[in-house]
1. Here are the criteria: (1) assigned to a loop (DSSP other than H, G, I, E, B); (2) farther than 27 Å from Asn232 by Cα; (3) at pLDDT 90 or above. Tell me which single one Glu184 does not satisfy.
2. Looking only at segment 81-94, count every residue that is open to solvent by 50 Å² or more (accessible area, probe 1.4 Å) and among the small types (Gly, Ala, Ser) and tell me the total.
3. State whether one or more residues within segment 100-107 are open to solvent by 40 Å² or more (accessible area, probe 1.4 Å), without any contact (Cβ under 8 Å) to a residue 24 or more places away in the chain and of a type in the set (Asp, Glu).
4. Within the bounds of segment 213-232, is there any residue that is in a loop (DSSP other than H, G, I, E, B) and more than 30 Å from Lys8 (Cα to Cα)?
5. For the list (1) part of a helix (DSSP H, G or I); (2) touching a Pro at 6+ places or on another chain (Cβ under 8 Å); (3) of a type in the set (A, V, I, L, M, F, W, C); (4) under 27 Å from Asn87 (Cα atoms), I need the number of the one condition that Leu14 fails.
6. Scan segment 157-174 for residues that are open to solvent by 50 Å² or more (accessible area, probe 1.4 Å) and in contact with a strand residue (DSSP E or B) (Cβ under 9 Å, 6 or more places away or on another chain) and jot them down.
7. Does Arg38 meet the test of being open to solvent by 70 Å² or more (accessible area, probe 1.4 Å) and out of contact with any strand residue (DSSP E or B) (no Cβ under 7 Å at 6 or more places or on another chain)?
Amino acid sequence: MIQETLQKASLADLFGLIEKLPGAQGHLFRGQRDAAWRLIPTLYRLTPNIQGGSIAEGFDLFEANLIHRFFQEGLPYLPLISRSYSNDRALAQHFGAPTRLLDWSEDPLVATFFAVEQWETKTDAAVFMILPEARFRPEDIKSFNGIQSAAFRPPAIDRRIPAQRSMFTFHPHDPKDQPFVPLEQRPNIGGDVGNPYGKGGNIRGFAKIVIPQSLKQQLFLRLSRIGIDRRNLFPGLDGVGADTTARARTGHWM
C-alpha cells in the first residue's frame, strides 16, 4: 500500500497526491477520522457465537441471522426496493446494521469531509483510495479467484446515497479458517496500475493519505466554503441542524 502525508491544508495539494497515483479517476475514496483505524467491515469487528465450520462459515451464518432480524424488525419502515444479496446488505449497512460491506465515495472531497469533520479529536485522519478489481454485485461474480475487492453502486435508498456519491465494496473472507485480514494488511489488493515513482512495472491501486491533526480544522473550513458539509451530504433538517452546530463549533458562520 502506498502511503503519503498531506503537508499543507490545501485542497490543491490533496488533489496533487490523489492524481500522483495513475488510474486515480477510477478509485474510490474512504475517509476515517483516525488514521490508525484498520479497514475492517463492521461484521468482522464482532465475534459470532456460532460453533462448527470455518471462521468464514460462522460469519456467513452470523450475517444471515443479522440481516433476517433487520428485515423482520424494520419491515414497516423499509423503502420499496427488490430483495437481493447485495440490496439486503446495502440497506442494512446504510441504516447502521453490521454487514461485510465497506462504505466508500466516488468523490474524494466527500471522503475528506468524513475524515476531518471531527477536527477537534487529537488524532491524525486518513483518506484511503482503492481501485477495485471488479465492479459487479457480489452475486454476479462467478469466481472470486484473485479478486479481493468488488465495488457496486447501492440503490438510491434515500437522498444521502446520490448526495454522497456512495459506493459499497465487498471483500471475500480468505483464508476461510483464519480471522478476517484488514484491507491495509493485504499485499495484493487493488487493480494494477503503472508505478508512479518511475521504478517500472506495476503496483496495486491502493493508497492511504494521512492528514495530520494540525491540518484538519482548516481543511474542514475549506470544504464548508465549497458546500461539502452536512447540509448538502445529509439532505433534510437533520443535515441542516448538524451543519449549523458544526459551524458554531468553528466560530465561522459563512
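1. Failed condition: (1).
2. The total comes to 1.
3. At the first step, the residues of segment 100-107 found to be open to solvent by 40 Å² or more (accessible area, probe 1.4 Å) are 103, 106.
From the residues that got through so far, the ones that are without any contact (Cβ under 8 Å) to a residue 24 or more places away in the chain too are none.
No.
4. Filtering segment 213-232 for residues in a loop (DSSP other than H, G, I, E, B) gives 226-229.
Keeping just the survivors that are more than 30 Å from Lys8 (Cα to Cα) gives none.
Checking segment 213-232: not a single residue is in a loop (DSSP other than H, G, I, E, B) and more than 30 Å from Lys8 (Cα to Cα).
5. (4)
6. Arg160, Arg165, listed by residue number.
7. Working: open to solvent by 70 Å² or more (accessible area, probe 1.4 Å): yes; out of contact with any strand residue (DSSP E or B) (no Cβ under 7 Å at 6 or more places or on another chain): yes.
Taking the combined requirement at face value, the residue satisfies it.
Residue-wise test of (1) open to solvent by 50 Å² or more (accessible area, probe 1.4 Å); (2) out of contact with any Ser or Thr (no Cβ under 6 Å at 6 or more places or on another chain); (3) of a type outside the set (A, V, I, L, M).
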{"site": "Leu14", "(1), (2), (3)": "no, yes, no"}
{"site": "Leu17", "(1), (2), (3)": "no, yes, no"}
{"site": "Lys20", "(1), (2), (3)": "yes, yes, yes"}
{"site": "Thr42", "(1), (2), (3)": "no, yes, yes"}
{"site": "Gln51", "(1), (2), (3)": "yes, yes, yes"}
{"site": "Leu75", "(1), (2), (3)": "yes, yes, no"}
{"site": "Gly96", "(1), (2), (3)": "yes, yes, yes"}
{"site": "Ala111", "(1), (2), (3)": "no, no, no"}
{"site": "Ala126", "(1), (2), (3)": "no, yes, no"}
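The values are calculated or read from the model by the stated rules, or taken from the named source; none is laboratory data. Quantities reported herein were computed from a predicted structural model and do not represent experimental measurements. Using ideal geometry, Cβ is built from the backbone for each residue, glycine included, and neighbour counts are taken over all protein chains shown. SASA here: full protein model, heavy atoms, side chains in, ligands and nucleic acids out. Shrake-Rupley method; radii C 1.70, N 1.55, O 1.52, S 1.80 Å.
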